[in-house]
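Okay, structure first, notes after.
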Amino acid sequence: MADAGTASVHGPSLRIDKFLWFARLAKSRSTAQKLAEDGHIRLNGRRIERAHAPVRAGDLITFPHPSGVRVVRVMQLPHRRGPAPEAQTCYEELTVGA
């Protein structure tokens, strides 16, 4: 497995669908999976089409949201789907310049 070797070099990672769900950026994990598989999410500027794409601290995630396009920087990987204040410490909201 190539991912196992690169994970140790680049640090810990988490599936993008699990990150979006744990960080409360998606209402359900299945919603996050569908967003990823339909190609609606960009990870560090690259379009992804798989829910198991690895996310690491420092990555940028761009995805559609009912209020508009959201861009977040991953600050740390969550260990669980905790309360909203805990989830908000895992990412930094970035504003899209007009």
(message) Checking the a/c ratio against 1.5 first, then a/b against b/c, what shape does the Cα gyration tensor give for the range 1-92?
(response) oblate
(message) I need the peptides 45-55, 25-35, 59-69 ranked by packing, meaning the mean over residues of other C-beta atoms within 10 angstrom, with the highest value on top.
(response) 25-35, 45-55, 59-69
(message) Checking the a/c ratio against 1.5 first, then a/b against b/c, what shape does the Cα gyration tensor give for the range 6-49?
(response) oblate
(message) What FRET efficiency comes out for Val69 versus His10 if R0 is 30 angstrom and r is the Cβ-Cβ distance? Round to the nearest 0.05.
(response) 0.70
(request) Using label points projected 7 Å from each Cα along Cα→Cβ, tell me how many nm separate Arg56 and Gln76, to one decimal. (result) 1.9
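Stretched out fully, how many nm does the piece from Asn44 to Lys27 gain, at 0.36 nm a residue minus the Cα gap? Spell out each step's value before the answer.
On the way: separation 17, 0.36 × 17 = 6.12 nm, distance 2.24 nm.
The Asn44-Lys27 span can extend by a further 3.9 nm.
Every number here is computed from the coordinates shown, using simple stated rules; none is lab data. Just so we're clear, the structure is a prediction, and the values are computed from it rather than from any experiment. When we count neighbours, we look across all protein chains shown, and the Cβ atoms used for this are built from the backbone with ideal geometry, even at glycine.
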